[in-house]
Amino acid sequence: MKCIILVAGHATRLEEDIKQDERPEFEKLRGVPKALLPGPAGPTLLDNWWSSVGNASNVQFSEVFLVVNADKYKYYERWATASGFPRENIINDGTTAEVWLRSQFRIVRALPLPRGSLCLTGFGVCVCV
C-alpha cells in the first residue's frame, strides 16, 4: 500500500496571524508551512506523521509520498533531507497562495489517488480501495 501525506494547504489565515504578531518568538515562524510548525511537545505535525507511518506495525507501505504546494516546496525539501524522507517522493502540486485563493482549488478532489493508498490530511485519513 502507498501512503500519501497531503500538506499542500496554504494556511493563509494562520500565516496572516503569525505575520501580525510582533513578538520576537514569532519572527522565525513567518513563512513556515503549518505542518512544519513546532507542536507543543516539540516535534512538528509532519514529524509525528512520518514517525507514525514508519512505525506502523499493522500496515506495510511500499512507498510514502508527500504532496506539497509550490510556495512551500523548499521548506519540505529541507525537512526531507533532515528527516531521511526520500526527496524524490515529494510531489509539488504547482499551486501558489494566489492561485489557491482565486480558484479555491482543492488538492483532495484534484489528485488522482491510486487504489490501495492511504492518504493522510489535516482533516483526517482516507483509504483508497
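Within the range 1-16, the set of residues being part of a helix (DSSP H, G or I) and charged (D, E, K, R) comprises ARG13, GLU15, GLU16.
For every residue, the table says whether it meets (1) modelled with pLDDT under 90; (2) in a helix (DSSP H, G or I).
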position	(1), (2)
VAL67	yes, no
ASP71	yes, no
TYR76	no, yes
ALA80	no, yes
GLU88	no, yes
GLY94	yes, no
GLU98	yes, yes
PRO114	yes, no
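Annotation note: Cβ proximity below 8 Å between a residue of the range 1-16 that is within 11 Å of VAL53 (Cβ to Cβ) and a residue that is in a helix (DSSP H, G or I) (sequence gap 6+ or interchain) occurs for CYS3/VAL53; ILE5/LEU46; ILE5/TRP49; ILE5/TRP50; ILE5/VAL53. Taken over the range 80-92, the criterion of being over 15 Å from LEU6 (Cβ atoms) and of a type outside the set (Asp, Glu) is satisfied by ALA80, THR81, ALA82, SER83, GLY84, PRO86, ARG87. Number of residues in the range 36-79 that are aliphatic (A, V, I, L, M), in contact with a Phe, Trp or Tyr (Cβ under 8 Å, 6 or more places away or on another chain) and crowded, with 18+ Cβ neighbours inside 10 Å: the value is 4.
For the range 12-26, residues that are among the acidic types (Asp, Glu) and either under 19 Å from the mean Cα position of the chain (by Cα) or within 12 Å of LEU37 (Cα to Cα) (or both) total 2.
On the given criteria, is PHE26 farther than 20 Å from ASP93 by Cβ, in contact with a strand residue (DSSP E or B) (Cβ under 6 Å, 6 or more places away or on another chain) and open to solvent by 30 Å² or more (accessible area, probe 1.4 Å)?
Numbers: farther than 20 Å from ASP93 by Cβ: yes; in contact with a strand residue (DSSP E or B) (Cβ under 6 Å, 6 or more places away or on another chain): no; open to solvent by 30 Å² or more (accessible area, probe 1.4 Å): yes.
Against the criterion (farther than 20 Å from ASP93 by Cβ, in contact with a strand residue (DSSP E or B) (Cβ under 6 Å, 6 or more places away or on another chain) and open to solvent by 30 Å² or more (accessible area, probe 1.4 Å)), PHE26 does not qualify.
Residues checked against (1) at pLDDT below 85; (2) touching a strand residue (DSSP E or B) at 6+ places or on another chain (Cβ under 7 Å); (3) among the aromatic types (Phe, Trp, Tyr):
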| residue | (1), (2), (3) |
| --- | --- |
| ALA8 | yes, yes, no |
| THR12 | yes, no, no |
| GLU15 | yes, no, no |
| ALA41 | no, no, no |
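For the range 17-50, the set of residues classified as without any contact (Cβ under 8 Å) to a residue 12 or more places away in the chain, part of a helix (DSSP H, G or I) and farther than 17 Å from SER83 by Cα consists of ASP17, LYS19, GLN20, PRO24, GLU25, PHE26, GLU27, LYS28, LEU29, listed by residue number.
The values are calculated or read from the model by the stated rules, or taken from the named source; none is laboratory data. From a predicted model like this one, the values you see are computed outputs, not experimental measurements. When we count neighbours, we look across all protein chains shown, and the Cβ atoms used for this are built from the backbone with ideal geometry, even at glycine. Surface areas here come from the heavy atoms of the whole protein model, side chains and all, with no ligands, DNA or RNA. Shrake-Rupley method; radii C 1.70, N 1.55, O 1.52, S 1.80 Å.
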